[in-house]
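Encoded as structure tokens, the structure appears first; notes follow it.
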Amino acid sequence: MFEWIRGLRKKSAPARKLRSRGEGNDTERVELAEFAPGMLPFLGLTAYLQLELYEAATRAVSGAPTLEAKEVLARVAGLTLAKHQRLTDEIRRRDEEPHVVMAPFSRVIDEYVERIDTADWHQHVLSLYLVGGLFDDFFASLAEGMRDGYRAQAIEILSSDSGRTEVRELLADALAADEGLSSWLALWGRRLVGDTLLVSRAVLLLSEHRAFDADEVEPVFTELIADHIRRMDGLGLTA
């Protein structure tokens, strides 16, 4: 997998429109939005993911080494919790209970969180930055394919400010102050890729519009890795 990732760094980032395997110009083009799930599963999954990201941000606050870091991460926690609450408000508007709608997706997200858990504060904050940004973009793109009046609002929620620019600046300052931190965090960033792809694969299986086909979704995974690489490169880390 790492050889594949290194190869991607030499290419331009793939567009949001994805090409399935095949020969010639008539090959069917596949968009990520075509794999959109139904609205309630989407709301349950994204609401639970935002809740986990909120909890991750609060844990980062408690271990932060400076008051500035605590303030930045507390803001991230607040913004993420606000996203969760807006999504659960919509679940309630549809006469459903959030905990019931989120429950089917708790296992896959909980297992993912356990796999990327770390006691190291810098690794934890890097996970918050990379994973939060990647999944917000991924789910906002998926939402474009939903046939529901809430579609535009869902995209707006997931695309709204999450304070990650400030988190990136915290990480950049830490990397500048400690040369040894770069290789340590680069290894951790690579570690996140495989587990993130497992979650993304599980999400695409929920599609109501398109059957899962490994050949078709490979470009989706290529795009996810390219987004990951861009964030890593922005910190001067080698993916």
Quiz item: Quick check: is even one residue across the stretch 32-39 surrounded by 14 or more Cβ atoms within 10 Å (Cβ to Cβ), modelled with pLDDT under 80 and farther than 15 Å from Leu158 by Cα?
Solution: yes
Quiz item: In the stretch 192-228, which residue that is modelled with pLDDT under 75 and hydrophobic (A, V, I, L, M, F, W, C) is farthest from the chain's Cα centre (by Cα)?
Solution: Ala211
Self-check item: Number of the condition not met by Ser159 [criteria: (1) surrounded by fewer than 19 Cβ atoms within 10 Å (Cβ to Cβ); (2) modelled with pLDDT under 95; (3) over 14 Å from the mean Cα position of the chain (by Cα)]
Solution: (3)
Quiz prompt | Total residues in the stretch 162-184, condition touching a residue at least 40 places away in the same chain (Cβ under 8 Å) and surrounded by fewer than 12 Cβ atoms within 10 Å (Cβ to Cβ) | solution = 0
Practice problem: For Ile109, indicate whether it is β-branched (Val, Ile, Thr), crowded, with 20+ Cβ neighbours inside 10 Å and in contact with an Asp or Glu (Cβ under 8 Å, 6 or more places away or on another chain). | Solution: no
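The values are calculated or read from the model by the stated rules, or taken from the named source; none is laboratory data. What you see is a predicted model, and the numbers here were worked out from it, not measured in a lab. Backbone-built Cβ (ideal geometry, glycine too); neighbour counts: all protein chains shown.
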